[in-house]
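Below is one structure, written out as structure tokens, with a few remarks after it.
The values are calculated or read from the model by the stated rules, or taken from the named source; none is laboratory data. The shown structure was predicted, so the numbers you read here are calculated from the model rather than taken from an experiment. A quick note on method: Cβ atoms are made from the backbone with ideal geometry, for glycine too, and the neighbour counts reach across all protein chains shown. The area values use the complete protein model at the heavy-atom level, side chains included, leaving out ligands, DNA and RNA. Shrake-Rupley method; radii C 1.70, N 1.55, O 1.52, S 1.80 Å.
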Amino acid sequence: MIIVIEPDSDVPIYEQICNQIMEGIARGQIKPGHSLPSVRVFASDLGVNMHTVNKSYHLLEKKGIITIVPKSGAVISSPQDFNESSFNRLKDEFKPLIAESLVVGMTHQQIQNLVTSIIEDFTKNQK
Amino acid sequence: MTLAIFLFISIILAGIQTAIPFLVKRTIIFGITVPEKHIKNEQLLSYKKNYTFIVALVSVIALASYVLWVLVSNPVEEKTVLIGTFIQFGIILFSLSLYFYYHGKTLQLKKKQNWMEQLKQVKVADLSVRSQDEMLSWYVFLLPIVMTVGVIVYTIFQYDLLPNQIPTHWGANGKADRFTEKTPISAISLPLTLLAMQVMFLGINIGKSKSGIQLSATSLNASRNRQLTLRKNSSWLMFGVSFLLTIMFSFFQLTTIHPDLFAGTAMMAAPIIFLVILLTGTIIFAVKVGRADKQSVGEQKEDITDYDEDSYWKGGLFYFNRNDPSIFVEKRFGVGWTLNFGNPIGYIIVFVPLVVIIILSNL
């Protein structure tokens, strides 16, 4: 899969990398059990600092999306690992976004349609 | 003979210098990042053509006068060599100054026409590209090292057979023309020099394989193809050079131990064969890599461009980026690699063996 980052964006690079990998998994471009390149390889392919990639990997690990195995690198976890704590964390992260949507005047239906269309976009090319 | 060799090398040198603007990465023109949609800019095309035309013209005039001078005045060999070397450096220096001239012109044009404005600058990486990387493994480079260690051990066992005067320099005709006193160190200094070179090649190969496969966002397939071609072919070329050097050096060393082992003609032919293979290999390498990203891309994205890294490239020639963990990166002007001067590991890989070689040759 292709990772595209914008170094001059307001979103920090490590967050962009993290988001792109999550999107890649959601789209089925990378599958559970596959491993990500080593920090060194990834950083040199992108031409960014190794600490930046390291930071994204740790963020992904904290979210339970990858497991960092010594020697074999970062492996994508299976979705069964989803649990209470991720649910609570996601709820907290959804809250401000949904609040903002309501504040700018989106209706309940519009928000739901938006969520559905994003999910459809992610899953449309999967079999 | 000397004239023929110099002419042969000079023509290839001038040929490559002439063709460089058309062999470099598609989105880098005279060392400047140019967005994909401007690479066919007429002004830029005329810069490239002018550069090529002027370098070709000056090289032809210089080489023709050189040939004429040698044929008419029939100078002594040293003089032919000296002037020949001078002309080769002259061609390199001349094309380099012309490069700087057009580097400045391209930079001005880019600023004046605001090419980067309104384009989103991005960096891309392909997570699966490593599985297509066909560089030679590091352990292949151990083969010539083992051969050299063998030659050193053999020399130590045959120490008594060695002559009292150890040759240290060979002329173009394959005959030794400089000697030094026989000591345990001078006896093996030739294979030791070779060993230092082979260790350097091994280090460079490891360094290159650990370096980034940096792709262009606007021409993913073309740039991926170029990077993979460069990596594969440069590692094969370097292995070929290492292997040929090993054969030639071992051959000289064995001839020093056993003077009658090979015929005089073989001694004469060895360096020339080496030179011909090396230069042919270099041309094939340059053309293969140079053409690897020139097919049409057909995947034009209008609003993005590659991240402008010009500030990391001093003069468009020297890469200095502390953040990039790559040890080597692809050259901007020319075909091949250059050091990331912001990464100290590169200095160790390249300069330590060079210092060892210089020390050995001055013992």
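The contact between chain B and chain A removes approximately 2000 Å² from the accessible area (both sides summed; 1.4 Å probe; ligands, DNA and RNA excluded).
Helices of chain B meeting both criteria, an alpha-carbon length of 24 angstrom or more along the long axis and an average Kyte-Doolittle score not below 1.6, with helices taken as full DSSP H segments, are B:2-23, B:264-291, B:344-361. The chymotrypsin sites (Phe, Trp or Tyr not before Pro) of the range B:216-266 include none that meets both criteria, a DSSP state outside H, G, I, E and B (loop) and at most 13 other C-beta atoms within 10 angstrom of the site's C-beta. Taking the inverse of the mean 1/r over every pair of distinct Cα atoms in the range A:9-115 gives a Kirkwood hydrodynamic radius of 15.6 Å. Over every Cα atom in the protein assembly as shown, the radius of gyration and the widest Cα-Cα span, Dmax, amount to 28.4, 97 Å. Taking the helices alone, chain B has a mean residue ellipticity at 222 nm of -21500 deg cm²/dmol, built from -39,500 (n - 2.57) per DSSP H run of at least 4 residues and averaged over all its residues. With 40 Å² as the minimum drop in accessible area between chain alone and full protein complex (1.4 Å probe), the qualifying residues in the range B:314-352 are B:N323, B:P325.
Loop-resident trypsin sites (Lys or Arg not before Pro) (DSSP state other than H, G, I, E or B) in the range A:39-73 with no more than 11 further Cβ atoms inside 10 Å of their Cβ: A:K71. Sparse packing (at most 13 other Cβ atoms within 10 Å of the Cβ) combined with a DSSP loop state is found for the following chymotrypsin sites (Phe, Trp or Tyr not before Pro) in the range A:56-97: A:F82. A:H34 contributes about 90 Å² of solvent-accessible surface, heavy atoms of the protein only, 1.4 Å probe. Measuring gaps between exposed loop sites in chain B (GluC sites (Glu not before Pro); DSSP loop; at most 14 other Cβ atoms within 10 Å), the longest gap, sites not included, is B:135-298. Considering only beta bridges that DSSP places wholly inside chain B, some 75 percent are antiparallel.
Summary of the geometry: the range B:254-275 and the range A:9-38, compared by the centres of their Cα atoms, lie 58 Å apart.
Here the range B:1-74 has 72 percent of its accessible surface on carbon and sulfur atoms, given a 1.4 Å probe and all protein chains in place. In the range A:1-33, the residues that give up 20 Å² or more of accessible area when the other protein chains are added, compared with the chain on its own (1.4 Å probe), are A:M1, A:I2, A:I3, A:V4, A:I5, A:E6, A:P7, A:D8.
On the principal axes of its alpha-carbon atoms, chain B has extents of 75, 53, 30 Å, going from largest to smallest.
Listed cross-link partners B:K175/B:K288; B:K105/B:K288; A:K63/B:K232; B:K37/B:K288; B:K48/B:K208 are compared with a 27 Å cut-off, the Cα-Cα value being larger for B:K175/B:K288; B:K105/B:K288; A:K63/B:K232; B:K48/B:K208. Heavy atoms of the protein chains alone define the surface here; on that basis the range B:119-363 has 47 Å² accessible area per residue at 1.4 Å probe size.
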